[in-house]
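Undergrad: Here's a structure for you.
The values are calculated or read from the model by the stated rules, or taken from the named source; none is laboratory data. This is a predicted model, so every value here is computed, not measured. Cβ sites come from the backbone with ideal geometry, for glycine too, and all protein chains shown count toward neighbours. In case anyone asks, the SASA skips ligands and DNA or RNA and just uses the protein heavy atoms, side chains included. Shrake-Rupley method; radii C 1.70, N 1.55, O 1.52, S 1.80 Å.
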Amino acid sequence: MASYLNSSMVLSKPKQPASHLDFLNSQHLSSWSPITSVRWRTHHQRCSVQQVRASSSMGKGLKVMISGAPASGKGTQCELITTKYDLVHIAAGDLLRAEIAAGSQSGKQAKEYMEKGQLVPDEIVVTMVKNRLSQPDSAEKGWLLDGYPRSSSQATALQAYGFKPDIFILLEVPQDILVDRVVGRRLDPVTGRIYHMTYSPPETEEIAARLTQRFDDTEEKVKLRLQTHNQNVESVLSLFEDITVKVDGSLSKEDVFATIDSALSDLIKQKNASLGMAAA
Ligand code: AP5
């Protein structure tokens, strides 16, 4: 998998835009030419960059898992990946928070575990994820599974249902950075976007005023969540060794995305090449 890190498709990387996602979201991607030179304004600067065309079909059928410690940047990268590759983003944590918000029995049970930074039992999580993966859009577009599996039993359960990833991305970030990221994280309940008060601040006062914080985003709770992650990560990794790409998640989000983008582009090329060979 090391070859994935040398894709020629990433022509140039943005230099520290304040919000790369703003840029991606503001474009009509389907109308881009294959390689487009564009300009956009952030609240700090105006930049020029060559951007590889994002075609809504380029990631078609791709099956991606993304993993990493709490606040390693999974959600942030998923926003960028889905914008470019149009995969169905399925985040185990979001599914659980939706159950909590709906006041369901599963949600009530799940919250008890989440407050302690522990894994929610398989009988709740596995079914939830399996049901979402089984919906037609996931099969048609491909999927991006975020924060699942977190144990070997979750991995084998998914495999038993016939869901097998093409690639397993692991974001690696040192612990002191993780705590800082958790404590500064804020969410926009209107757009669902993830912010950080220092690294990715809200663009306007209006957005800043409505930002919320997750109930498990305290220094005390993130240490428990980290403990749980550290106890389980090796057993999960050992099951996906041959398709794992480790990414330095401590870099800027644009640089992290450039590495992931490169890996996914190479994967698509390899899949297309093997499809071509099979057809010949
Ligand atoms: P979940 O919601 O999945 O939380 P998590 O794994 O702890 O991950 P986070 O969402 O906290 O972080 P992230 O990696 O998405 O980082 P983000 O992009 O937001 O799970 C919550 C709980 O649900 C678990 O503890 C467990 O109880 C339960 N659960 C979930 N899945 C389960 C499963 N499969 N089985 C059982 N239980 C399960 O970034 C964080 C911050 O950093 C943001 O402010 C962001 O702006 C900033 N940031 C991101 N990238 C960068 C960067 N490169 N540079 C600077 N800042 C950055």
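Undergrad: Using heavy-atom solvent-accessible surface (probe 1.4 Å) with all chains present, what is the largest-first order of VAL173, VAL64? All intermediate terms of the calculation are to be shown ahead of the outcome.
TA: On the way: VAL173 25, VAL64 0 Å².
Largest accessible area first, the residues go VAL173, VAL64.
Undergrad: Further question on the same structure: Just to make sure I understand: if all protein chains stay in place, what is the order of LEU239, LEU187 by accessible area at 1.4 Å, largest first?
TA: Numbers: LEU239 85, LEU187 45 Å².
Reading off the accessible areas and sorting them downward yields LEU239, LEU187.
Undergrad: Here's a follow-up. If you take the charge dipole of the range 211-280 about its Cα centre, with +1 on Lys and Arg Cβ and -1 on Asp and Glu Cβ, which of PHE240, THR259, LEU275 is farthest toward its positive end?
TA: LEU275
Undergrad: Any of LYS63/LYS130; LYS63/LYS111; LYS164/LYS253; LYS108/LYS130; LYS164/LYS271 with alpha carbons more than 25 Å apart? Name them for me.
TA: Numbers: LYS63/LYS130 14 Å; LYS63/LYS111 29 Å; LYS164/LYS253 27 Å; LYS108/LYS130 20 Å; LYS164/LYS271 15 Å.
From LYS63/LYS130; LYS63/LYS111; LYS164/LYS253; LYS108/LYS130; LYS164/LYS271, over 25 Å: LYS63/LYS111; LYS164/LYS253.
Undergrad: Could you give the size of the charge dipole of the range 53-146 about its Cα centre, using +1 on the Cβ of each K and R and -1 on the Cβ of each D and E, expressed in debye and rounded to the nearest 20?
TA: Working: 12 positive and 11 negative charges, 51 e Å.
I would put it at about 240 debye.
Undergrad: Among 147-158, 227-238, how do they line up by average Cβ neighbours within 10 Å per residue, starting with the highest? All intermediate terms of the calculation are to be shown ahead of the outcome.
TA: Working: 147-158: 19.6, 227-238: 15.0.
The packing order, highest mean first, is 147-158, 227-238.
Undergrad: With all protein chains present, calculate the accessible area of LEU226 using a 1.4 Å probe and round the result to the nearest 10 Å².
TA: For LEU226, solvent-accessible area is about 10 Å².
Undergrad: Still on this model: Leaving ligands, DNA and RNA out of it, rank GLU203, GLU140, GLU254 by accessible area with a 1.4 Å probe, largest first. List each step's numbers first, then the result.
TA: On the way: GLU203 60, GLU140 115, GLU254 10 Å².
Ranked list, largest accessible area first: GLU140, GLU203, GLU254.
Undergrad: Could you order peptides 127-137, 241-251, 269-279 by the average number of other Cβ atoms within 10 Å of their residues, highest first?
TA: Values: 127-137: 14.8, 241-251: 16.5, 269-279: 10.1.
Descending mean neighbour count gives 241-251, 127-137, 269-279.
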